[in-house]
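Working notes, structure below.
The values are calculated or read from the model by the stated rules, or taken from the named source; none is laboratory data. Just so it is clear, the model here is predicted, and its values are computed rather than measured. Please note: Cβ atoms are built from the backbone with ideal geometry, for glycine as well, and neighbour counts cover all protein chains shown.
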Amino acid sequence: MSHTMKSRPRPPARGAVHPALPGTPPTRRRSSRAVLRQRATPFVFLAPVIVLFLGFKVYPVFYALALSFTQNVGGVTKFVGGANYGRLLDDPLFWTALRNTVEILVIQVPLMLGLAIVLAVALNSRLLKWRSFFRVAYFVPIVMGLVAYGILFSALLNYQNGFINYLLTSVGLPRIPWLTDPFWAKASIIMAMTWHYTGQSTVMYLAQLQSIPHELYEAAQMDGANRRQQFWHVTIPGLRPAILLTVVLSTIGTLQLFDEPYVLTGGGPDNATLTIGMYLYDSAFKNFDFGYASAIGYVLALIVTAVSVIQMLVLRRRAQ
């Protein structure tokens, strides 16, 4: 035959699905849907958390920023621009609160971290018995609620019936007005904070000590270094990452100090323990000046950010 024969299409195999049949989705479409469903699954589970985060974290931040440019005049909220921030510059109570906060910070943070390093080294010693018991005992205060331990210290430091004054009078010493004298009131807050937070820093330092190779101590001992020299030239350099972390965290926490002065002294006597956190609270919930309180909050956030960045830069430069 000279003409070319046309090939007939083969019928589909038995049991096979014809791709052109109506109502049958293509394989590519099924695979793309499966991929999209697989990619969307994590977002479905994260959606409640994202909504809560946006509603209770992100929205209040931007709302407070807008609120800091307003004032409530006669029950009507009015836009006043930067008047609240300018008011801070001429507010003596704000500068008193800032000075008190800085004084507590400068004394309490080095005292607490120095004590935490000493305790961590002692708890890491192989000569100490019952090490697990002491580690838990020093960490327990951090678990106690801030208000609860504030009430505990207010009872311990009571002028007439406090346990500490009872011990002082037992050895012939006079009672100390822990909560009614400006100097001793600050000392009381520093003492309470040190008792509460030292265990947390101790655990961090103790974990960092486990990463220091014991061979470094052996090499230093072979070079003739005594215990004090080993501490300064081996232990402290090994603790630098943990020291950087605890310094920044402790600074942030102290700049936001509120619970201890609120429970122990109420900011007194004579505003001697008034902190920025307390002043923000009083402005918002006692004076109902929410615009001014929002401005205080944003200034505090800027101070915390600036101090934290400076600390990190200085400590990292020293570590190099």
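Okay, here's what the table says:
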| item | result |
| --- | --- |
| Restricting segment 116-138 to residues that are at pLDDT 85 or above and in a helix (DSSP H, G or I), the residue that is nearest to residue 264 (Cα to Cα) | 116 |
| Residue that is surrounded by the most Cβ atoms within 10 Å (Cβ to Cβ), among those in segment 30-74 that are of a type in the set (A, V, I, L, M, F, W, C) and either touching a residue at least 24 places away in the same chain (Cβ under 8 Å) or within 16 Å of residue 295 (Cα to Cα) (or both) | 67 |
| Unmet requirement for residue 257, which otherwise passes all of (1) assigned to a helix (DSSP H, G or I); (2) under 21 Å from the mean Cα position of the chain (by Cα); (3) under 30 Å from residue 159 (Cα atoms) | (1) |
| Residue satisfying condition, being touching a helix residue (DSSP H, G or I) at 6+ places or on another chain (Cβ under 7 Å), at pLDDT 90 or above and of a type in the set (Val, Ile, Thr), within set 151, 189 | 189 |
| Residues (within 26 Å of residue 87 (Cβ to Cβ) and among the small types (Gly, Ala, Ser)) located in segment 28-71 | 64, 66, 68 |
| Subset of segment 104-143 (residues that are more than 30 Å from residue 183 (Cβ to Cβ), touching a residue at least 60 places away in the same chain (Cβ under 8 Å) and aromatic (Phe, Trp, Tyr)) | 139 |
| Check on residue 291, touching a residue at least 60 places away in the same chain (Cβ under 8 Å) and outside any helix (DSSP H, G or I) | no |
| Test result for residue 272, more than 20 Å from the chain's Cα centre (by Cα), of a type outside the set (Lys, Arg) and in a loop (DSSP other than H, G, I, E, B) | yes |
| Segment 275-288, residues that are assigned to a helix (DSSP H, G or I) and either of a type in the set (Ser, Thr, Tyr) or surrounded by fewer than 16 Cβ atoms within 10 Å (Cβ to Cβ) (or both) | 279, 281, 283, 285 |
| Search result, residues across segment 211-249 that are touching a residue at least 12 places away in the same chain (Cβ under 8 Å) and not in a helix (DSSP H, G or I) | 211, 212 |
| Every pair of residues 6+ apart whose Cβ atoms lie under 8 Å, when the first sits in segment 296-308 and is without any contact (Cβ under 8 Å) to a residue 60 or more places away in the chain while the second is buried (at least 16 other Cβ atoms within 10 Å of the Cβ) and small (Gly, Ala, Ser) | 300/277 |
| Test: residue in segment 88-97 that is of a type outside the set (D, E, K, R), under 30 Å from residue 199 (Cα atoms) and touching a helix residue (DSSP H, G or I) at 6+ places or on another chain (Cβ under 7 Å) | yes |
| Among the residues listed as 142, 189, the single one being surrounded by fewer than 19 Cβ atoms within 10 Å (Cβ to Cβ), under 29 Å from residue 97 (Cβ atoms) and of a type in the set (Val, Ile, Thr) | 142 |
| Complete set of residues in segment 299-320 that are crowded, with 18+ Cβ neighbours inside 10 Å and either of a type in the set (D, E, K, R) or over 26 Å from residue 243 (Cα atoms) (or both) | 299 |
| Residue pairs meeting the criteria (Cβ under 9 Å; at least 6 apart or on separate chains; first more than 22 Å from residue 269 (Cβ to Cβ), in segment 165-181; second in a loop (DSSP other than H, G, I, E, B) and not basic (Lys, Arg)) | 167/173 |
| Matching residues, segment 260-269, being part of a helix (DSSP H, G or I) and either among the β-branched types (Val, Ile, Thr) or closer than 11 Å to residue 113 by Cβ (or both) | 263 |
| Number of the exception - residue 212 against (1) under 23 Å from the mean Cα position of the chain (by Cα); (2) surrounded by 15 or more Cβ atoms within 10 Å (Cβ to Cβ) | (1) |
